[in-house]
1. Given the Cα-Cα distance of residue 134 and residue 34 and 0.36 nm per residue of separation, how much length would full extension add, in nm?
2. Using the per-residue mean of other Cβ atoms lying within 10 Å as a proxy for protection, in what order, highest first, do the peptides 21-27, 152-158 fall?
3. Once you put a point 7 Å from the Cα of residue 160 and another 7 Å from the Cα of residue 125, both along the Cβ direction, what distance in nm separates them?
4. Given a 1.4 angstrom probe, what's the average accessible area per residue across the range 75-190, in square angstrom?
5. So if a site counts as exposed when it's one of the GluC sites (Glu not before Pro), its DSSP state isn't H, G, I, E or B, and it has at most 13 other Cβ atoms within 10 Å, what's the longest stretch of the chain without one?
6. For residue 143 and residue 53, FRET efficiency with R0 = 25 Å and r from the beta-carbon atoms, rounded to 0.05?
7. Ignoring any ligand, DNA or RNA, what whole percent of the accessible area of the range 62-180 comes from carbon and sulfur when the probe is 1.4 angstrom?
Amino acid sequence: MAEPLFQQLQKLQEEFRGHPPVDKWNPDFCGDMDMVIQSDGRWIHEGSEIKRQPLVNLFASILKREGRHYYLVTPVEKWRIRVEDVPFLITQAAREEGDANGCGQVLLTTNTGDVIPLDKAHPLELKPFGDPPLPIPYVAVRSGLLGRMSRDVYYQLIDWAEAREPQAPPARLCQLWLKSAGEEFLLGEY
């Protein structure tokens, strides 16, 4: 099942720069594929990890979310897969120094090579994750797909953040704010 899909993907990758327009594709549902994106970012197909990164990147390029389900789609096929948390991990961060007004930009890279700016279109949001659930930063990557920050990236962003004293209720703790592309994002409280 994966090899014919891979051949279609190679053809699509040649036709499109960046990511194919999966939001415009609405083929008939073909069924469930035995594929899972684990919470640690590994892609598993029929019980075995996909270790070829170009193949993972290719599959990630045709990933689509509809409601709470994830699908691999082409113009003619739509296969549901399972995602344990979110499909991407944010594995790297870089910071462009700001101008005189302190308006710089943070660029984030996912485990599949997507490079996204931390900005209004790609906001950071704290959501519960783990056991016990703790607030972890997630970022909008593309088309309703999220990426969760790796611990290393989170600590790097904390180094770049500004600590602020609590304001009027309900804030009772000091907060960490990160500036990027003219926006401010809450990284956490302590």
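The values are calculated or read from the model by the stated rules, or taken from the named source; none is laboratory data. What you see is a predicted model, and the numbers here were worked out from it, not measured in a lab. We place every Cβ from the backbone using ideal geometry, glycine too, and count neighbours over all the protein chains shown. For accessibility, only protein heavy atoms count, side chains too; no ligands or nucleic acids. Shrake-Rupley method; radii C 1.70, N 1.55, O 1.52, S 1.80 Å.
1. In short, 33.0 nm is gained.
2. Numbers: 21-27: 13.7, 152-158: 16.4.
Output ranking for 21-27, 152-158: 152-158, 21-27.
3. 2.1 nm
4. Working: 6560 Å² over 116 residues.
Normalised by residue count, the accessible surface of the range 75-190 is 57 Å².
5. Working: sites that count: 46, 84, 97.
Result, exposed sites excluded: 98-190.
6. Numbers: r = 21 Å, r/R0 = 0.85.
In this case the efficiency is close to 0.70.
7. Numbers: 3330 of 6520 Å².
With neighbouring chains kept in place, the figure for the range 62-180 is 51 percent.
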